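The values are calculated or read from the model by the stated rules, or taken from the named source; none is laboratory data. All values derive from a computational prediction rather than experimental measurement. Glycine gets a Cβ as well: all are built from the backbone with ideal geometry, and neighbour counts include every protein chain shown.
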Amino acid sequence: MTDYNDRDNSTAWNQILEDTSLVFSILFIIECVLKIISMGFIAHYNSYLRDTWNWIDFTVVLVSILEMTPFMKANLKSLRTLRVLRPLRSIKALPAMRRLIKSLFSSIPSLSYAILFMSFVFLLFGILGVQQFGGVFY
């Protein structure tokens, strides 16, 4: 939604986006700190980083903190793309969506066989095409 023609963020629209980004970043940081205080960070059995869904939250919070540091502003503009992960935080609230995402991730290793088969088919058709059309276009 950012207007990239305005590099200095002088337009009202980019200022509103920057302000709302700051507000959401602060809210996410507060939520993360409260969860870490209540659950523990990593040592306890049910601690914050023992749950893999909290890894996404923690990554978003770390990127937000790095983005807010004044000496890193110019170098970390590309990390703003990780803000796309923010809506994934709502997956924890929807158990059916959580099961779908887990099944999607568990099917990734099986996709390697499909990719291997597809490469074999592409190789066969590539060899067939070279044999069939070799030198015809010149």
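Scanning the stretch 35-48 for residues being in a helix (DSSP H, G or I), within 22 Å of residue 69 (Cβ to Cβ) and free of Cβ contacts under 8 Å to residues at least 12 places away in the same chain gives a total of 0. Check whether at least one residue in the stretch 85-93 is touching an Asp or Glu at 6+ places or on another chain (Cβ under 7 Å) and at pLDDT below 80, and report yes or no. Yes, the stretch 85-93 contains a residue that is touching an Asp or Glu at 6+ places or on another chain (Cβ under 7 Å) and at pLDDT below 80.
The set of residues from the stretch 115-138 being small (Gly, Ala, Ser) and surrounded by 10 or more Cβ atoms within 10 Å (Cβ to Cβ) comprises 119, 126, 129.
Would you point out which residue out of 28, 71 is among the aromatic types (Phe, Trp, Tyr), loosely packed, with under 10 Cβ neighbours inside 10 Å and not in a loop (DSSP other than H, G, I, E, B)? Write out each step before concluding.
Details: 28 fails: loosely packed, with under 10 Cβ neighbours inside 10 Å.
Answer to the check: 71.
Out of 137, 58, one residue alone is at pLDDT below 85 and either out of contact with any Phe, Trp or Tyr (no Cβ under 9 Å at 6 or more places or on another chain) or part of a helix (DSSP H, G or I) (or both). It is 137. On inspection, residue 56 qualifies as at negative phi and surrounded by 13 or more Cβ atoms within 10 Å (Cβ to Cβ).
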